[in-house]
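The values are calculated or read from the model by the stated rules, or taken from the named source; none is laboratory data. All values reported here derive from a predicted model rather than from experimental measurement. A quick note on method: Cβ atoms are made from the backbone with ideal geometry, for glycine too, and the neighbour counts reach across all protein chains shown. The protein model used for the area step is the full one, side chains on, heavy atoms only, and it has no ligands, DNA or RNA in it. Shrake-Rupley method; radii C 1.70, N 1.55, O 1.52, S 1.80 Å.
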Amino acid sequence: MKGILRVLPVLLLFAGCSAETKSGYEITGSIAGPLEEGTQVFLRKSDENMRAIPGDTALISNGTFSFSGDAAIPELRYIFIEGVNAGIPVFVENGSINITAHRDSLGRAGVEGTPQNAYYSDFVEGTRQLMDRRNAINSEMQVAMQSRDTANMNALRDEFFELQGSALDYEITFIAEHPDALISAMVLSRMLQSQSLPNAEIASLFKGLDESIQVSPLGANINSQISSQERTSVGAQAPDFSAPTPSGEVLALNDILGKVTLVDFWAAWCRPCRAENPNIVKVYEKYKDKGLSILGVSLDRNAADWINAIEQDGLTWHHVSNVRYFDEIAELYNVRAIPASFILDENGVIVAKNLRGESLEAKIAELLP
């Protein structure tokens, strides 16, 4: 369910395909509930950092509003009402778009009139029952926890995991059955971010989308992400890179390859990374004489914080950093969250990813018996 509930934030990615051959768009809206005459209504889009970009403004008159213009390509925007802390997602595409909503429940607004809005409405309606059941499980779990009803807690947990599987199955089916829907591409993009499916399955779903969706800006972004993940998948040759060491020298990955090499993406500010460091220290001390090499790649913004953390945690292996947060090295390895790690064999081929704790030591022990 987590995936379904987080679809909307991902929708800020704009998509392009051939628009309907109508002379522009007209959005008409009807809002029930208490609203003063002249209340402002905003039609906005968001940038990649979820910041609203100023757009058109209309005024409420007798509970209605309207916008008009021309959409070169279909584009997701949001309608906000002055004084209301919610928005209505709408695909702006040429044609007549009709919106009906209540001031106090904008999230359940009806949006009709054009193909992409119809697809989105179908998708949301298909997930509504799943979301309602997820909310019910959460409420029931709170009651079970308060009463310490272990049996019911276990049953609810099992049901929740089953529901997650049903949600993923629904999304896969929807994408396959709606290849010309922008929402299909947007859900696929979110799957890539969450890695809820193997890369090969995501690539297959992408190839099933209509060509107009594949060549859109969003489609190009998805294709780039798929290629990036393939570049760092198990069995691929690890991309070489170089960056400054704490002393200012430039060090390349290929310069420090051992029989086994761990490329560890971390940062001084990352609490999970710092919590895992003692385990990596233990593994390194145990296997360094057998051929284990480690290259720490810091995503810090501050060099002093990075160097101090190396000393504080006793990290006696190789380190590099551009001190630029999620930089081009992180992008090269498709690292979007840390800790993240890659285990390479003596030829620099990736043999495992993102192992920690006992799993990390077990894999190193397997490779360096």
Nearest 20 debye, what's the magnitude of the dipole of region 177-254 about its Cα centre given +1 on Lys and Arg Cβ and -1 on Asp and Glu Cβ? 140 debye
When the chain is treated as a Gaussian network with springs between alpha carbons less than 10 Å apart, the largest mean-square fluctuation among Arg274, Arg148, Arg44 is found at Arg148
Under a Cβ-Cβ cut-off of 13 Å, what is the net charge of the residues other than Arg231 that fall near it, where Lys and Arg count +1 and Asp and Glu count -1? -2
To test your reading of the geometry: what angle, between 0 and 90 degrees and rounded to tens, separates the Cα axis of helix 150-177 from the longest principal axis of the chain? 70 degrees
Under unit Cβ charges (Lys, Arg +1; Asp, Glu -1), what dipole magnitude, rounded to 20 debye, does region 35-131 have relative to its Cα centre? 200 debye
Is there a quick way to get the dipole size of the chain? I mean about its Cα centre, with the Cβ of Lys and Arg at +1 and of Asp and Glu at -1; what is the value in debye to the nearest 20? 700 debye
Quickly work out the Thr100-to-Arg274 label distance, labels modelled 7 Å from Cα along the C-beta direction, and quote it in nm with one decimal. 5.5 nm
Excluding residues on the same chain fewer than 8 positions from Lys286, give the aspartates and glutamates whose Cα lies under 12 Å from its Cα. Glu361
Which pairs, out of Lys290/Lys353; Lys45/Lys207; Lys282/Lys363, put more than 18 Å between their alpha-carbon atoms? Lys290/Lys353; Lys45/Lys207
Quick one: order Asp169, Asp327 from most to least accessible surface, probe 1.4 Å. Asp169, Asp327
